[in-house]
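Student: One structure follows; several queries about it will come next.
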Amino acid sequence: MRFSTFGLVIFSALGSSRALAPANVTWSNCPDTTGVECATVQVPLDWADESKGMIPIALSRVPAKTPQREGYMFFNPGGPGGSGTEFVQNLGPIIQFILGRGMEIISWDPRGIAGSGPNITLFSGEADYDAFWNPLYGKGHLGAHGNLTITSDVDF
């Protein structure tokens, strides 16, 4: 009962009035890790207009170590910009040790982070990046730094 209530809350929070089909997830060993599995699922870029295409969402999990799984721990390390899959690959086994071997530890990369899409490139390279940011820093700009007691350092 607890999980169905949780699912209902998530379903309501998404703002969708249509039923969502369960994703077919194929787990495989994550590269360069032991005891952690990775997968990717495809989700709509825009749930309100699925014609806009699909994007990948990266997942990682530490599977339960007991014959009968006791539960799930969905973990989001926060952010902005935090990779949940990297967190689980690095610390998931420790979390499972603390919570119990029967718990499955699962996380994901939010959209646009690490292994999840869409992959957006804002700058063509470092020169383009610098050309955007440099005018915002330095004397007379928002990012100005200096001794706030000296007028010449904060002369805007």
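Where a number appears in this text, it was derived from the coordinates with a stated rule and is not lab data. Worth saying up front: this structure is predicted, and the values here are computed from it rather than measured.
Student: Hey, if you drop one equal point scatterer on each alpha-carbon of region 23-69 and run the Debye formula without solvent, what base-10 log of I(q)/I(0) do you get at q = 0.19, 0.23, 0.31, 0.33 Å⁻¹?
Tutor: At q = 0.19, 0.23, 0.31, 0.33 Å⁻¹ the computed log10 ratios are -0.69, -0.83, -1.09, -1.14.
Student: Ratio of alpha-carbon Rg to the 2.2 N^0.38 Å globular estimate for region 79-122, to two decimals, please. All intermediate terms of the calculation are to be shown ahead of the outcome.
Tutor: Working: Rg = 12.8 Å, N = 44, 2.2 N^0.38 = 9.3 Å.
Region 79-122 yields a ratio of 1.38.
Student: Cα atoms only: what Rg and Dmax, in Å, come out for region 27-146?
Tutor: 19.4, 64
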